[in-house]
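Take a look at the structure set out below.
Each reported figure results from applying straightforward, stated rules to the coordinates on display, with no laboratory input. All of these numbers come straight from a predicted model, not from anything done at the bench. Every residue, glycine as well, gets a Cβ built from its backbone with ideal geometry; the counts of neighbours run over all protein chains shown.
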Amino acid sequence: MYNKLSGKRIISIDAFRGITILMMVFVNELAGIRDIPFWMKHMPAHADAMSFVDVVFPAFLFIAGMSIPFALCKRFTVNRNKGKLQKHILWRVAGLLCFGFFMVNGESSGPHDMVLSIYAWSLLFYFFAIMVWQVYRVTSKNLVLAMRGIGLAGLLFLALIYRGGMDGTHFITPRWWGILGLIGWAYLFSCLFYQLSSGKPLPLMLFVILCTILFALTKYYNWNDFPAKNATHISVMLCGVIVSILLFDEGNARGVQRRIGEVAGLALILFIAGYFLRPLYAISKIYATPTWGFYCAAICCLLYLLFYWVIDMKGHQRWTRFFQPAAENPLLTYLIPDIIFALIMLLHIRLFPAKWSYGIPGMLWSAAFAIIVMFIAKGLNKLHVRLQL
């Protein structure tokens, strides 16, 4: 397509993705734990600071961006039809938006005036959504279409019966798109910009600058809050796209040391950009400021270089196998905790004693829960439950 990329899997990319998903599960569970160090929590919106927790979401945006050139080039090589490529991109975006949309409404804190409890409603949503976006191994196209049709009909039914809000009568609505929805919007524009740039790093950097300018314009124009934030999310994802091209585009004859130097140089540029933007925009994950985005993208560049050096260059790969289930099926792994939560709330049971909700026991539980989720994901992979996203 635009870049000549290797057809074999890059183990360091898989490892980075798997570890990032594991950390997302860990910090989400950790959010409900009290009496833990401040650096294990999201920083307040106006703190002008960030913790390692604030880097986890942009790390996933970054690694998703790294996968874009490989995925699009591979798909276009197999079937040189740009129309089908756009349909594939839109199908993935639709799935992420759908998951984010329903999950946000399922988390509504108000009463619900429905024939189902909100937890039963949520479980049915996951069941029908998995039917739609499951990777089916059967060869019958009619059977696949029938399964997806049933899933879509189920989602429509759940949307129609939903009632929430503070008075329990509000219809389903996109108050915001949720984490997965934000990823979906960032993925859509990153794929668009990748194609418009013909896979060249310099035009992609110009699109990063454009996104920063769009965020800056919100000071003067009334642009919706979430599209404004998503401009930063797109920038972080585009940085991941650029790193993949710099490191792995075999069409440019450059040595490995030079490629690594270019990625390190990109990290330095991002740190400098964040430094000069900080007087204008404080570091804030909540507000998704460009300063936060550039610092996180720079950290991800350096972290990935470390993974690449250890795993791919030095060949230390055996330890990465533990993270492979999440790397192969990241969306389903991310959804498992929400499915478990809806199930235990529906059944009125607890997974752990209340005394584990504090301090060190709570942190240990959060780590153990993340590991448990990883093993569940491994089992689901063996059962061929895999989402196409």
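So what are the range 17-59's ellipsoid semi-axes, whole angstrom, largest first, if each one is the square root of 5 times an eigenvalue of the alpha-carbon gyration tensor? Display every interim value, and only then the final one.
Values: eigenvalues 64, 38, 9 Å².
They are 18, 14, 7 Å, listed largest first.
Loop-only check: which trypsin sites (Lys or Arg not before Pro) in the range 291-356 are DSSP coil with at most 13 other Cβ within 10 angstrom? Within the range 291-356, the qualifying trypsin sites (Lys or Arg not before Pro) (loop, at most 13 other Cβ atoms within 10 Å) are Lys314, Arg350. Whole-Hz Karplus values for the range 256-273 come out as 4, 4, 5, 4, 5, x, 5, 5, 4, x, 4, 4, 5, 4, 5, 4, 5, 4 Hz, taken residue by residue from phi with 6.51 cos²θ - 1.76 cosθ + 1.60 and θ = phi - 60°; glycine and proline positions read x. Considering only Asn28, Met43, Gly65, and ranking their Cα positions along the charge dipole of the range 1-83 that arises from unit charges at the beta-carbon of Lys, Arg, Asp and Glu, the one farthest toward the positive end is Gly65.
Distant-in-sequence amide contacts of His170, defined by a placed amide H-H separation under 5 Å and a gap of 5 or more residues or a different chain, comprise Gly164, Gly165.
Only helices enter the 222 nm calculation for the chain: every DSSP H run of n ≥ 4 contributes -39,500 (n - 2.57), and dividing by all residues gives -22500 deg cm²/dmol, rounded to 500. Here the 3J(HN,Hα) profile of the range 42-53, calculated from phi with Karplus coefficients 6.51, -1.76 and 1.60 at θ = phi - 60°, is 5, 6, x, 4, 9, 6, 6, 7, 8, 9, 4, 4 Hz, Gly and Pro shown as x. Each 10 Å bin, from zero up to the one with the longest distance, holds this percent of the alpha carbon pairs of the range 17-130: 11, 26, 33, 23, 8, 0. When only alpha carbons of the range 129-173 are considered, Rg and Dmax amount to 14.6, 48 Å. The three principal axes of the Cα atoms in the range 242-342 give end-to-end lengths of 44, 39, 23 Å, sorted in falling order.
The lysine pair count for the range 11-382, using Cα distances under 28 Å and pairs eight or more places apart or on different chains, is 25. Based on the alpha-carbon gyration tensor of the range 311-376 and its eigenvalue square roots a ≥ b ≥ c, which shape applies: rounded if a/c is under 1.5, prolate if not and a/b is larger than b/c, or oblate? In terms of gyration-tensor shape, oblate. Taking amide H atoms as placed 1.01 Å from N in the peptide plane, the amide H of Tyr358 lies under 5 Å from those of Arg34, each 5 or more residues away in sequence or on another chain. Seen from Ala186, the other residues with C-beta closer than 14 Å to its C-beta sum to a net charge of +2, counting Lys and Arg as +1 and Asp and Glu as -1. Taking the range 290-304 and a reference point 7 angstrom along Cα→Cβ of Phe276, the backbone N atoms nearer than 20 Å belong to 290-299.
Between Leu145 and Ile349, the modelled label-to-label distance comes to 4.1 nm, taking each label 7 Å out from Cα in the direction of the beta carbon.
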